[in-house]
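The values are calculated or read from the model by the stated rules, or taken from the named source; none is laboratory data. Remember, it's a predicted structure, so these values are computed and weren't measured experimentally. Here the Cβ positions follow ideal geometry from the backbone for every residue, glycine too, while neighbour counts run over all protein chains shown.
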Amino acid sequence: MSITTAKLLTAEEFFLLPETQMRRELVRGEVVETMPTGFRHGKLAFRFGKKLDNWAEEYDGGVVGVETGFILDRNPDVVRAPDVFYVRAERVPAGELETFADFAPDLAVEVISPSETANEVREKVQDYLAAGTALVLVLYPKTRELVAHTPDGLARTYRSGETFTAPDVLPGFSCAVAEIFV
């Protein structure tokens, strides 16, 4: 009996794949495709990203973006694309990056889709934190909760009526949870 294994892709090979309508990430060298996000998902990601971008422009000049590939690990390669990301101004590379960022964002935000499993969400959070992301936020549209994950393994849940702050990572930023889930 012979067993053949698929060739694992590098981040560079992954970047050169033709575009499709599916969303893709590279997870330990293997391409994982998911459906495009739903309307509510996109709205929540934009709302939070807009608040974060307004803060970044006013306070530190860092970069906020959406669905951008970050190389989080090598051999086998992991490329994740958070729904929203933030990179502090002093960590933004000079010039324009045309490919994936070869570093972890300071903040990664994931909006949970109905099709995602708890294991998939946990794996994403672990990938970001292991790569050096200081804060991973997971937004749960159905329960209207924001869960903040930090490298020390702690997670704090923020609910409607509470205000999210993270002074160590986002000094001066605050956001009422209810404002995200409008």
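Determine if segment 16-30 includes at least one residue that is in a strand (DSSP E or B) and acidic (Asp, Glu). Checked against the condition, which is being in a strand (DSSP E or B) and acidic (Asp, Glu), segment 16-30 yields at least one hit. For beta carbons closer than 6 Å, sequence separation of 6+ or different chains, a first residue in segment 33-60 that is at pLDDT 95 or above and a second that is among the aromatic types (Phe, Trp, Tyr), the qualifying pairs are 52/86; 55/173.
Which of the following residues is loosely packed, with under 14 Cβ neighbours inside 10 Å and within 19 Å of residue 164 (Cβ to Cβ): 110, 96, 58, 90? One residue alone meets the criteria, 58. What number of residues within segment 149-172 are touching a residue at least 12 places away in the same chain (Cβ under 8 Å), over 19 Å from residue 85 (Cβ atoms) and of a type in the set (Asp, Glu)? Matching residues across segment 149-172 total 1. Scanning segment 155-182 for residues that are exposed (fewer than 13 other Cβ atoms within 10 Å of the Cβ), of a type outside the set (D, E, K, R) and under 18 Å from the mean Cα position of the chain (by Cα) yields one hit, 155. Please verify whether residue 135 is surrounded by 19 or more Cβ atoms within 10 Å (Cβ to Cβ), modelled with pLDDT of 95 or more, more than 13 Å from the chain's Cα centre (by Cα) and of a type outside the set (Val, Ile, Thr), treating the condition exactly as stated. Here the answer is no, as residue 135 does not meet what is asked. Under the condition of being farther than 20 Å from residue 71 by Cα and touching a residue at least 40 places away in the same chain (Cβ under 8 Å), the residues counted in segment 117-143 number 2.
Of all residues in segment 58-117, those that are under 23 Å from residue 177 (Cα atoms), among the hydroxyl-bearing types (Ser, Thr, Tyr) and in contact with an Asp or Glu (Cβ under 8 Å, 6 or more places away or on another chain) total 1. Of the strands (runs of 3 or more DSSP E) lying entirely inside segment 139-182, those carrying at least 1 residues that are β-branched (Val, Ile, Thr) are 145-149, 155-158, 163-165.
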